[in-house]
Structure formats: C-alpha cells, structure tokens
1. Take the residues of region 32-50 that are of a type in the set (A, V, I, L, M, F, W, C) and open to solvent by 80 Å² or more (accessible area, probe 1.4 Å): which is modelled with the lowest pLDDT?
2. How many of the residues making up region 57-85 are surrounded by fewer than 16 Cβ atoms within 10 Å (Cβ to Cβ), among the β-branched types (Val, Ile, Thr) and either touching a helix residue (DSSP H, G or I) at 6+ places or on another chain (Cβ under 6 Å) or not in a loop (DSSP other than H, G, I, E, B) (or both)?
3. Could you identify the single residue in VAL145, VAL139 that is open to solvent by less than 50 Å² (accessible area, probe 1.4 Å), without any contact (Cβ under 8 Å) to a residue 60 or more places away in the chain, more than 17 Å from the chain's Cα centre (by Cα) and within 25 Å of SER158 (Cβ to Cβ)?
4. Consider only pairs whose beta carbons are under 7 Å apart and that are at least six residues apart or on different chains; among these, list those whose first residue lies in region 172-195 and is farther than 16 Å from PHE152 by Cβ and whose second residue is β-branched (Val, Ile, Thr).
5. Among the numbered criteria (1) surrounded by fewer than 16 Cβ atoms within 10 Å (Cβ to Cβ); (2) without any contact (Cβ under 8 Å) to a residue 24 or more places away in the chain; (3) closer than 26 Å to ARG130 by Cβ; (4) not aromatic (Phe, Trp, Tyr), which one does ARG29 miss?
6. Name, by its number, the condition in (1) within 25 Å of LEU14 (Cα to Cα); (2) open to solvent by 20 Å² or more (accessible area, probe 1.4 Å) that does not hold for GLN91.
Amino acid sequence: MLDIVKTLKPGGVLIIDGDDHDLFFEAERVAQAFALKLRSFGCERNSEQVSTHQNEVTIKSINSYGLSGIDIRVCFKDKDDSVVKWEDTFQLYLPGLHNGMNVAAVVAAALELFPNLKLEGIKRRFARIRPRVVGIQIVTTSGGVRIFSDCFDSNPKSVHAFLNIAQDEIVLGKSVVLFIGEMAYLGEVGLERHR
C-alpha cells in the first residue's frame, strides 16, 4: 500500500481518500517518514460519527439522477485554519457516488497544483465531461428496461458503484436487470469477493 510515495520527492503532495481510515492513518505515517504534505478528500461525516481529521475537500451532498448524472456540493477548507474558502455545486453527466469522489480528488489536486485556479473554470470543465463505457455496459430495451453488465474486470468496488447506480435508476422508476461477472483475476479471494 502507498508504494507511489517512492516516486515523490520530499515536500511533494500525497492526496488520498480521507474516508478510508486505514489508508489515512498509513498515509499520515508515510507522509511524515518521506517529508510529504498530506491532503485528503471525502464525504461529510454524519454528526454521530467521530472523525479524527478533516478533509480539505469535502462532499457536502450528492443528488443522483441515475444514468443522467449527479449534482455534487463541494466545499474546500484550508488545512491549517479549517476556514471554508468556498462551497459550490458541480453538475456532472457522470453517474454515481464514486464519480463524486473522483471529482473531489480532482478538485483537491487542481487546487494544490494551481492555488489561484478559478472555481468557474473547474465547473465548466466538469460540465463538459461525458461518460465513457469501460467495463460496465448499459443497454436500454425497447420496453424501457435497463440491462447493466459488469462482466469485464469486475471487482468489489466496481460492483458497489454499479449497484448504487442501479439503485438510483430503480428509485427513478426504471426497471433494471443486472449481470455481474466473475472476479476471477482476484486470485484466491475471488470466489469469496464475488459472493
């Protein structure tokens, strides 16, 4: 885990998913050992959850419109003073919470690389992104049924994202059929993960 830090020079920046507690604590240790700046992104915590750190880029809310995309409300705080620098909503034609997390990661990286980057420029660029079909295939029948197929390099995270998108479609009143392929390339744990 975190082998990528070997490619960073001292003073470099490591940006990670702050919601993955095991990863965050390992990243803290590694960042200190390699003299790296640590930045994180993630979803806002529920009030009953205790967080030991604050993410610089935080997803405040996500509204899903199934395959049509998401609206994601994001805020950015300075790590040193925890003051909210800005908060705004991004519109994307990409479905699913996982794409919301991808947006938060990109925003964190963009702000680290270009501190004076204008928010409107980031929003315009995200609005132009259109989904590419890689692995997951979605077909709509003439009767309006959505057939989702995740049979290429299926893995636990892709299936989780896949099920969230299918759930959003069902909430919107769509009929959905799912095909989930084997997780054969995961080796010995493949069968267990597939179950």
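1. Out of the qualifying residues, it is VAL50.
2. Total meeting the criteria: 1.
3. Residue meeting the stated conditions: VAL145.
4. Close Cβ pairs satisfying both conditions: SER175/VAL145; VAL176/ILE170; VAL177/VAL145; VAL177/ILE147.
5. (3)
6. Just one mismatch for GLN91, condition (1).
Okay, residues lined up against (1) under 25 Å from SER61 (Cα atoms); (2) open to solvent by 60 Å² or more (accessible area, probe 1.4 Å); (3) touching a strand residue (DSSP E or B) at 6+ places or on another chain (Cβ under 7 Å); (4) free of Cβ contacts under 8 Å to residues at least 24 places away in the same chain:
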| site | (1), (2), (3), (4) |
| --- | --- |
| GLY100 | yes, no, yes, no |
| VAL103 | yes, no, yes, no |
| VAL106 | yes, yes, no, yes |
| ALA109 | yes, no, yes, no |
| PRO115 | yes, yes, no, yes |
| ARG125 | yes, yes, no, yes |
| SER149 | no, no, yes, no |
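Listed here are the residues, each with its yes/no results for (1) at pLDDT 90 or above; (2) under 16 Å from ILE122 (Cα atoms); (3) among the β-branched types (Val, Ile, Thr).
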{"residue": "ILE59", "(1), (2), (3)": "yes, yes, yes"}
{"residue": "SER68", "(1), (2), (3)": "no, no, no"}
{"residue": "ASP71", "(1), (2), (3)": "yes, yes, no"}
{"residue": "PHE76", "(1), (2), (3)": "no, yes, no"}
{"residue": "ASP81", "(1), (2), (3)": "no, no, no"}
{"residue": "LEU94", "(1), (2), (3)": "no, yes, no"}
{"residue": "LEU97", "(1), (2), (3)": "no, no, no"}
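The values are calculated or read from the model by the stated rules, or taken from the named source; none is laboratory data. Keep in mind the model is a prediction, meaning the values are calculated, not measured. Backbone-built Cβ (ideal geometry, glycine too); neighbour counts: all protein chains shown. What goes into the accessible areas is simple: the full protein's heavy atoms, side chains included, and nothing from ligands, DNA or RNA. Shrake-Rupley method; radii C 1.70, N 1.55, O 1.52, S 1.80 Å.
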